[in-house]
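> Input: one structure, supplied below.
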Amino acid sequence: MLNRAPLFLLYLNVLAVATCGLIYELIAGTLASYLLGDSVTQFSLVIGVYLSALGVGAWFSQYLHQGLARTFIEVELALALVGGLSAPLLFVSFAFVQWFQLVLFGTVFVIGTLVGLELPLLMRILKEHLDFSDLVSRVLTFDYIGALLASLLFPVLLVPYLGLMRTSLVFGVLNALVGLWGTYLLRPLLTKRGLAGLRGRAFLVVGLLVVGIIKADTLTTWTEEIILGKAVVHAKQTRFQRIVVTNNRQGFQLYLNGHLQFNSVDEYRYHEALVHPAMMAAGTPKRVLVLGGGDGLAVREILKHDGVESVTLVDIDPGMTEIATQLPLVRDLNEDSLMDEKVTVINTDAFVWVGQEHEPFDAVVIDFPDPGSYSVGKLYTTFFYRRLRQIITADAVVSIQCTSPLVAGQSYWCILRTMEEAGFNVRPYCTAVPTFGVWGFALASPQGDLVVPMQLGKLEQELSFLNDSMLANLFELPRDIQPIETEINQLNNQVLVRYYDEEWRGRE
Amino acid sequence: MAESEKLNRRQLLTVLLGSQFAHSVGCDMSKLPPVGELEHTSFDIGHLLRDGVKKAIRPDVHEDVGVTIVGGGIAGLAAAWRFKRAGFNDFVLAELERQPGGTARSGSRDGFKFPWGAHYIPVPMAENHALIELLSEMQVIQALTKGGQPQVSEEFLCREPEERVFSEGRWYEGLYPGHGASQEDLRQLAAFREEIDRWAEMRDASGRRMFAIPMATGSNDESVRKLDKLSMEQWLDERGWDSPRLRWLVDYSCRDDYGLSPDRVSAWAGVFYFAARIAGMGNESQEVITWPEGNGRVVDYLRGVGDDKIRTGLAVFRVKAGTNTESSQVAAFDTNTMKPIGFRSQQVVFAAPQMMAKYVIDGFSASGRDSTAFRYGSWLVANVHIKDRPEDSGFPMAWDNVIRESRSLGYVTATHQTGVDYGPTVLTWYYPFADVDAAITRKQMMNLKWADWADVVLSDLRRAHPDIDTLVTRVDVMCWGHAMIQPLPGFVWSPEREQASKPLGPIHFAGTDLSGVALLEEAFFHGVRAAEEILAVRGILDQPLVEIRND
């Protein structure tokens, strides 16, 4: 009979079951706070729905009469599945379900009902073997201890070390193991028929959730694919940013923190416009500096100029330059430019690097991300440009990408005004890049008379976009892109980040 | 030590950080950082001197020197700077600690520089000639506008984002917790700003600003003196300003600048904090100048200037004023050689805290002076080394990072001004003992160990950065016993304070406490002033940098 099994093992069961139940509730509350904000409301609602569902479960338990032990195990397995997958389910459904709250509270209600069934079932199983007052006191004691355990573990260990996705899956596994264990512990109360099937299902649930734990990162990527609407071929989280490469029928795209950096379909327009005007205006530059541009595409264009002796590329993120030198898709596009013997790659913050001493450069290509944050905004300040002036020759030419002058006019002209303030002679120009729209650049030089280049010469053969007339045309500004007054971007005001935020908000 | 004098962990956290720690686990040493040190100012030597050891020691070695400067904080260093500038080199500076600089000093470790105390200076206004002179020499100020306003090199102006505040689980930009503010909150904030602007714009009968830095260049009109009779809290009450957000802003500002809560800060000082930094109606508050090592940069510069004259580890225990025929005498205990040493000079700059004057200067009390009104607050400063940036929700890491629900002042990021936004850095965390004098005595504080303090620091940071324990590599703690003069109501415009700057025969006084508020600018002003008084007496004062008020 059952009393041969040590009773504390059954109490351990109660403990595990109680811990799992509360963990699921906490996950739902935390997730709802993360995704929807307003933590007080979310937690109140989640707790309310959960507690009332407990009542519903308890009430339902009266209608169960036969095969209590088997039902208990089935409930455990169901709970393992629903609870264990609750965090992934909620994350994914948030991405593409309009009535997210319905999914959220539905899940909480199902979990609550199942947990509500657990204790009455277990108590009825045990009532044959224990004095009623002992039974109630012990089961409830372990139930509350389990709740305490969960509430301590959750903030201290689980969220910081496992994260929500894995916590949910790990406790699902624990729940399923309780069920599986039940098939042995409650063996005397189970009929032989269907026992193997029950165990089989328990193993299946454990296996499913373990795969989920291993693949938790892939789940995150999958969510991103749904949001970006394209197949993700590569994704990596570096210390600085999240880099995602997607692919569709037309070509492939690279995103940094969700912002499109280039599309292989038309990036040549952007990079030819960024690089060649400066290279032509600089005459025959020997030492070329690239700031940002870790994808190697600007370097590809630079290497088309014969006189170039060395290219130094400074990009903060080794994760980015690794993609450019290792991912075949990107290597094909940049023609292995970063592997060229003339090229030196330096992974450090350009802000610090330009403050050090360097042999002066003849031409500079600045290809930083748009100034959407303070840590990028500092790379567009008078302070930065003054430091840059210290490491270039007196007649060096600098080109810079400076966001869309059509969408973000203040941002665009602010960058040009700031360069002027730092002592550069600046010429605006722009071109159309279909996936970006109208894009803005500038040529800048410390020399007084910056001559805009008109002739590409034999280089034209190697280009896909520019020809002589197009080159001159870049510098003809249309009527809707004309200079406006802006403040100057300095480290101590960072007005550019504010302009950029105002102008781009809601437009991407 | 009596058992009752040692606080347990729960008591300590509750007293310092608030009631939410009342249920903290009894002993949680598992979360302590790997290494760190606890440093005190020379508390023991200071108290030995106070308690009369001096009578037993009599130096038999004497040096003859024109002027002896007692104390190597900013005031003493400023006096030395002023002497050198006048071409006067016949002086010596005696400093108790191993490092000069007082509460402006800084530290360095593993390639990082970080402050141990004061860490910024608002851009001085045109009237602060002496400080403009110093900052120009340091090439921090590049030029002056036609109106005499200094133009500061971009490198030294605090980089944006300057401040953020952690409130209800998230970081917000700026210091005022504007998130969720009601119409009434915003109305009161606007009214408060208007009142401050009014004070900033106003001039007295002599054309002086009502509040200026140094405060001696501001007004001493009855209308400002009157404010000193109230506490800042009473001043807010009188205006019916009860917005919790505004109250918090004022509370934070008082604790930040004076180490006191608003019920204990003179309303004069409270208004001074805001109004002295605004040039006039419609102007923003002056921008701030800062360095990775804080005001340690100024200390290091001044130390470089006065280098050959600075003697550290000298505990001055007696100053005796000379007469027409006899030199003044300064007796010190040299902690380097463990021997007493004496200086005979014509003048003395007493640039140590006023609280020491009655123990050190012969006949100080007999001269009718009373320094008991000079009260000093204690501070705790920690430098927390982290191997990577903590995860954040909301506004990104700024220079000044304040936790609204905490009685600490939050932390300043040491690498902010260098422009390094990723990877290892040092967070300088500040805690003023603003309202806990009764709950924790200075003695109890001095009895606490490094582990106790490290626990307090990390418990506080954990509220905003739950992952901090996985990032910390080192926590160093400094306990400042008498860190800051307290502008308690009635003190700033008390006769005791006003009289304290006047020389006592050949002894000239310097120090920020003479202004009633602790600011580098005030310390520097008094150091320069004391030096100029002496240069004038010696007949070698060239072009004075400070104006001495004659009223």
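> What number of residues in region A:124-179 are open to solvent by 40 Å² or more (accessible area, probe 1.4 Å) and of a type in the set (S, T, N, Q)?
Count: 4.
> Going through B:462, B:474, B:497 one at a time, which residue ends up being modelled with pLDDT of 90 or more and within 14 Å of chain A (Cβ to nearest Cβ)? Break it down stepwise before answering.
Values: B:474 fails: within 14 Å of chain A (Cβ to nearest Cβ); B:497 fails: within 14 Å of chain A (Cβ to nearest Cβ).
Only one candidate passes the filter, namely B:462.
> Follow-up question, since we're still on this one. I want to confirm something. Restricting to region B:153-165 and keeping residues that are in contact with a strand residue (DSSP E or B) (Cβ under 6 Å, 6 or more places away or on another chain) and open to solvent by 20 Å² or more (accessible area, probe 1.4 Å), which single residue is nearest to residue B:291 (Cα to Cα)? Lay out the reasoning, then the answer.
We begin by selecting, within region B:153-165, every residue in contact with a strand residue (DSSP E or B) (Cβ under 6 Å, 6 or more places away or on another chain); these are B:153, B:156, B:158, B:163-165.
When the remaining residues are screened for being open to solvent by 20 Å² or more (accessible area, probe 1.4 Å), the result is B:156, B:163.
Working: B:156: 6, B:163: 15 Å.
If we take residues in region B:153-165 being in contact with a strand residue (DSSP E or B) (Cβ under 6 Å, 6 or more places away or on another chain) and open to solvent by 20 Å² or more (accessible area, probe 1.4 Å), then B:156 is nearest to residue B:291 (Cα to Cα).
> Just name the residue that is farthest from residue B:314 (Cα to Cα) out of those in region B:354-368 that are out of contact with any Leu (no Cβ under 7 Å at 6 or more places or on another chain) and open to solvent by 10 Å² or more (accessible area, probe 1.4 Å).
Across region B:354-368, the extreme among qualifying residues is B:368.
> Inspect region B:391-398 for any residue being out of contact with any Lys or Arg (no Cβ under 8 Å at 6 or more places or on another chain), at pLDDT below 90 and not aromatic (Phe, Trp, Tyr) and give the result as yes or no. Explain how you work it out, then say what you get.
Here is the first cut: in region B:391-398, the ones out of contact with any Lys or Arg (no Cβ under 8 Å at 6 or more places or on another chain) are B:391-392.
Now narrow it down to the ones that are at pLDDT below 90: B:391-392.
Next cut, not aromatic (Phe, Trp, Tyr) only: B:391-392.
Yes; the residues of region B:391-398 include at least one that is out of contact with any Lys or Arg (no Cβ under 8 Å at 6 or more places or on another chain), at pLDDT below 90 and not aromatic (Phe, Trp, Tyr).
> If I filter region B:89-97 for residues that are open to solvent by 30 Å² or more (accessible area, probe 1.4 Å) and at pLDDT 95 or above, do I get at least one hit?
yes
> Answer yes if at least one residue in region A:48-65 is in the same structural domain as residue A:21 (by TED's automatic domain parsing), under 20 Å from residue A:204 (Cβ atoms) and open to solvent by less than 50 Å² (accessible area, probe 1.4 Å), and no otherwise. Walk me through it before giving the result.
Step one: filter region A:48-65 for residues in the same structural domain as residue A:21 (by TED's automatic domain parsing), giving A:48-65.
Going one step further and asking which of them are under 20 Å from residue A:204 (Cβ atoms), we end up with none.
No, region A:48-65 has no match at all.
> Related question: I'd like the full set of residues that are farther than 21 Å from residue B:81 by Cα, more than 14 Å from every other protein chain (Cβ to nearest Cβ) and polar (S, T, N, Q), limited to region B:125-178.
Once the filter is applied, which keeps residues that are farther than 21 Å from residue B:81 by Cα, more than 14 Å from every other protein chain (Cβ to nearest Cβ) and polar (S, T, N, Q), region B:125-178 yields B:145, B:149.
> Of everything in region B:484-518, what is assigned to a strand (DSSP E or B) and out of contact with any Gly (no Cβ under 6 Å at 6 or more places or on another chain)? Give them in sequence order. It would help to see each step written out before you state the result.
Going residue by residue through region B:484-518, those that are assigned to a strand (DSSP E or B) are B:484-485, B:504, B:507-509.
Selection gives B:485, B:504, B:507, B:508, B:509.
> Moving to a separate point now. Can you find a residue in region A:422-443 that is crowded, with 16+ Cβ neighbours inside 10 Å and within 14 Å of chain B (Cβ to nearest Cβ)?
Within region A:422-443, the first condition is being crowded, with 16+ Cβ neighbours inside 10 Å, and the residues that meet it are A:422, A:424, A:426-431, A:433, A:435-436, A:439-443.
Those still in the list that are within 14 Å of chain B (Cβ to nearest Cβ) too: A:422.
Scanning region A:422-443, I find at least one residue that is crowded, with 16+ Cβ neighbours inside 10 Å and within 14 Å of chain B (Cβ to nearest Cβ), so the answer is yes.
> Among the candidates B:82, B:50, single out the residue that is under 24 Å from the mean Cα position of the chain (by Cα), modelled with pLDDT of 75 or more and of a type in the set (D, E, K, R). Step through it out loud before you land on a result.
On the way: B:50 fails: modelled with pLDDT of 75 or more.
After ruling out the rest, the residue left standing is B:82.
> For residue A:108, are the conditions met, namely being within 20 Å of residue A:43 (Cβ to Cβ) and outside any loop (DSSP other than H, G, I, E, B)? Explain how you work it out, then say what you get.
On the way: within 20 Å of residue A:43 (Cβ to Cβ): yes; outside any loop (DSSP other than H, G, I, E, B): yes.
Yes.
> Of the residues that make up region B:190-210, is at least one part of a strand (DSSP E or B) and either among the charged types (D, E, K, R) or assigned by TED's automatic domain parsing to the domain that holds residue B:273 (or both)? Talk me through it step by step, then tell me what you get.
Residues of region B:190-210 part of a strand (DSSP E or B): B:203, B:209.
Applying the additional criterion that residues be either among the charged types (D, E, K, R) or assigned by TED's automatic domain parsing to the domain that holds residue B:273 (or both) yields B:203, B:209.
Yes, that holds for at least one residue.
> With B:454, B:438 as the choices, which residue is assigned to a loop (DSSP other than H, G, I, E, B), among the small types (Gly, Ala, Ser) and modelled with pLDDT under 95? Reasoning before the result, please.
Values: B:454 fails: assigned to a loop (DSSP other than H, G, I, E, B).
None of the other options fit; the residue is B:438.
> Quick one: would you say residue B:423 is within 14 Å of chain A (Cβ to nearest Cβ) and free of Cβ contacts under 8 Å to residues at least 40 places away in the same chain? Quick ask: steps written out before the conclusion?
Working: within 14 Å of chain A (Cβ to nearest Cβ): yes; free of Cβ contacts under 8 Å to residues at least 40 places away in the same chain: yes.
Criteria met by residue B:423.
> On to the next question. List the strands (runs of 3 or more DSSP E) inside region A:259-349, counting only whole elements, that have at least 2 residues being open to solvent by 10 Å² or more (accessible area, probe 1.4 Å) and within 26 Å of residue A:359 (Cα to Cα). Break it down into steps so the answer makes sense when it comes.
Working: elements: A:259-263, A:287-292, A:310-314, A:343-346.
So the answer is A:310-314, A:343-346.
> So which residues in region B:365-413 are assigned to a loop (DSSP other than H, G, I, E, B), more than 20 Å from residue B:462 (Cβ to Cβ) and away from every other protein chain (no Cβ under 14 Å), if there are any at all?
Looking only at region B:365-413, we keep the residues that are assigned to a loop (DSSP other than H, G, I, E, B), and these are B:365-375, B:387-393, B:395-399, B:404-410.
Cutting the leftovers down to more than 20 Å from residue B:462 (Cβ to Cβ) gives us B:365-375, B:399.
Within region B:365-413, B:365, B:366, B:367, B:368, B:369, B:370, B:371, B:372, B:373, B:374, B:375 qualify.
> Sticking with this structure for a sec: For residues that are touching a residue at least 12 places away in the same chain (Cβ under 8 Å) and within 14 Å of chain B (Cβ to nearest Cβ), tally how many sit in region A:319-355.
Residues in region A:319-355 being touching a residue at least 12 places away in the same chain (Cβ under 8 Å) and within 14 Å of chain B (Cβ to nearest Cβ): 10 in total.
> Follow-up. May I ask you to list the residues in region B:292-310 that are touching an Asp or Glu at 6+ places or on another chain (Cβ under 9 Å) and closer than 18 Å to residue B:103 by Cα?
Pass one, region B:292-310, residues touching an Asp or Glu at 6+ places or on another chain (Cβ under 9 Å): B:293, B:299-301, B:305, B:310.
Within region B:292-310, B:293, B:299, B:300, B:301, B:310 meet the criteria.
> Report, ordered by the first and then the second residue, all pairs with beta carbons closer than 6 Å, sequence separation of six or more or different chains, a first member in region A:230-250 that is in contact (Cβ under 8 Å) with a residue 24 or more places away in the chain and within 14 Å of chain B (Cβ to nearest Cβ), and a second member that is open to solvent by less than 50 Å² (accessible area, probe 1.4 Å) and of a type in the set (Gly, Ala, Ser).
So the pair list comes out as A:238/A:319.
> Right, something else. Is one or more of the residues making up region A:364-385 over 33 Å from the mean Cα position of the chain (by Cα) and either crowded, with 19+ Cβ neighbours inside 10 Å or within 9 Å of chain B (Cβ to nearest Cβ) (or both)?
First pass over region A:364-385, keeping only residues over 33 Å from the mean Cα position of the chain (by Cα): none.
No, region A:364-385 has no match at all.
The values are calculated or read from the model by the stated rules, or taken from the named source; none is laboratory data. All values derive from a computational prediction rather than experimental measurement. Heads up, the Cβs are rebuilt from the backbone with ideal geometry, glycines too, and the neighbour counts pull from every protein chain shown. Calculation scope for accessible area: heavy atoms of the full protein, side chains included, ligands and nucleic acids excluded. Shrake-Rupley method; radii C 1.70, N 1.55, O 1.52, S 1.80 Å.
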